[in-house]
1. So, of the residues in the stretch 76-99 that are farther than 28 Å from TRP274 by Cα and part of a helix (DSSP H, G or I), which turns out to be farthest from the ligand (Cβ to nearest atom)?
2. Could you run through the stretch 130-173 and say how many residues are within 15 Å of LEU267 (Cβ to Cβ) and within 13 Å of the ligand (Cβ to nearest atom)?
3. In the stretch 100-130, which residue that is part of a loop (DSSP other than H, G, I, E, B) and charged (D, E, K, R) is surrounded by the most Cβ atoms within 10 Å (Cβ to Cβ)?
4. Take the stretch 11-48 and flag every residue that is surrounded by fewer than 17 Cβ atoms within 10 Å (Cβ to Cβ) and either of a type in the set (D, E, K, R) or outside the structural domain of GLY186 (by TED's automatic domain parsing) (or both).
5. Are there any pairs, at least 6 apart or on different chains, whose C-beta atoms fall under 9 Å, with the first in the stretch 178-190 and among the hydrophobic types (A, V, I, L, M, F, W, C) and the second in a loop (DSSP other than H, G, I, E, B) and within 7 Å of the ligand (Cβ to nearest atom), and if so, which?
6. Check LEU258 against each of (1) over 22 Å from the mean Cα position of the chain (by Cα); (2) in contact (Cβ under 8 Å) with a residue 60 or more places away in the chain; (3) assigned to a helix (DSSP H, G or I); (4) under 23 Å from TYR127 (Cβ atoms) and name the one condition it does not meet.
Amino acid sequence: MIPITVVDVADAEPYVLEVLRSGVIAQGPMVKRFEDAFAKVAGVEHAVAVNSGTTALVASIEVLDLQPGDEVITSPFTFVATLNAILEAGASVRFADIRAEDFNIDPDAVSAAVGPRTKVLMPVHLYGQMADMTKLMPLATQHGLAVVEDSAQAVGATLDGKPAGSYGLGCFSLYATKNITTAEGGVITTNDAALADRLRVLRNQGMRARYQYEMAGHNYRLTDLHAAVGIPQLEKLPQITEARQRNAEALSKGLAGLPGLELPAVLPGRTHVWHQYTVRITEDAPMSRDEFSAKLLEKGVGNGVYYPKVAFDYDCYRDNPKITASLADVPVAAKVAQEVLSLPVHPKLTESDVDTIVETIREVLGA
Ligand SMILES: *Cc1c(COP(=O)(O)O)cnc(C)c1O
């Protein structure tokens, strides 16, 4: 079986041992070291490490001081954490549809969705390719919106040379299967020193100095043990990204021209970091997406559906007064959710694995 994802953290051993031997295992110098290295990678002045990508999103909304009823506009086609974080931070949420070409929020749909209570724009850089920030940033400025980038899948991605997480408050996940990992963890990036300061205080029970509390805070801290796992990951991020890009290119070359198979596009000005390589199985294909997925699994090619439904389309979100959402308003996201399938693209794939994936798909589609 060629797995859809492989976690490789073996080279963290000396760093983890260093932490274990030091006795400083909660947030300490290793977290600081990780933050400094991460800020460089993200091209920002400040990086604040927290204990998950979800926490990064919650904290980012919390430091914006929204009032009850204030709204966040985000993408309906995302991991559910995006939605859960907004609700956890106490904000209301409204969805704007995506574009099928990059699976990301559509600036025209955002423009139509902005209302008097909208305070935050939260684009998601899905699968490792950035949303259309060139159009979204002027919209945010025009309507006075703060920008929080859900960059969980997009560490190292750029648009016009500017990295994900450097446009607004950037929120990254370091979960085990993300492009780089600390097992669990997250980071918030910003060039705003005042926001970075508030985030650091919020992260540690609202405490500025010992027992001096400035706000009702949380325990959002990352541990030095986790940061130690992330340090070699950050060091080899360029190689990780290059391997993903090489695999994606080989897949796109091998899979070109098959009926009913839409390949992912890299839009102008972007570097794609390929957290997922996601094709669409359209009505021209000889079988449904789910049949295709099952056939590939049967033949040893791992795959996954990210995501089978739009984020709000579950009973637990219906009738929530904080959610303004209707499937009719997000037709592209609703359709794409039935068509997408992600194939292995991770750095551990060999050339022969890529050949096997291509040959198996050509065989299954009868080409
Ligand atoms: C992984 C992910 C998150 C949440 O990150 P965790 O570290 O798992 O909390 C949020 N948004 C998106 C798009 C993600 O893929």
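The values are calculated or read from the model by the stated rules, or taken from the named source; none is laboratory data. Quick caveat: nothing in here was measured; it's all calculated off a predicted structure. Cβ coordinates were reconstructed from backbone atoms using ideal geometry, including for glycine residues, and neighbour counts include every protein chain displayed.
1. Among them, the one singled out is LEU87.
2. Filtering the stretch 130-173 for residues within 15 Å of LEU267 (Cβ to Cβ) gives 130-136, 154, 157-162, 164.
After this cut, where a residue has to be within 13 Å of the ligand (Cβ to nearest atom) as well, the list is 130-131, 154, 157, 164.
So the count comes out to 5.
3. The initial filter retains those residues of the stretch 100-130 that are part of a loop (DSSP other than H, G, I, E, B), namely 100-104, 106, 114-117, 123, 125, 129-130.
In the following step, the residues that additionally are charged (D, E, K, R) were identified as 101-102, 106, 117.
Working: GLU101: 13, ASP102: 21, ASP106: 24, ARG117: 16.
Here the residue is ASP106.
4. Across the stretch 11-48, the qualifying residues are ASP11, GLU13, GLU18, ARG21, LYS32, ASP36, LYS40, GLU45.
5. ILE180/LEU174; ALA183/LEU174; VAL187/LEU174
6. (3)
Yes/no per residue for (1) modelled with pLDDT of 95 or more; (2) assigned to a loop (DSSP other than H, G, I, E, B):
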| site | (1), (2) |
| --- | --- |
| TRP274 | yes, yes |
| ARG280 | yes, no |
| ALA294 | yes, no |
| VAL310 | yes, yes |
| ASP319 | no, yes |
| VAL332 | yes, no |
| HIS346 | yes, yes |
| THR360 | yes, no |
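Residue by residue, here is whether (1) closer than 25 Å to ALA146 by Cα; (2) assigned by TED's automatic domain parsing to the domain that holds ALA157; (3) in contact with a Lys or Arg (Cβ under 9 Å, 6 or more places away or on another chain); (4) acidic (Asp, Glu) holds:
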| site | (1), (2), (3), (4) |
| --- | --- |
| LEU199 | yes, yes, no, no |
| ASN204 | yes, yes, yes, no |
| HIS218 | yes, yes, yes, no |
| GLY230 | no, yes, no, no |
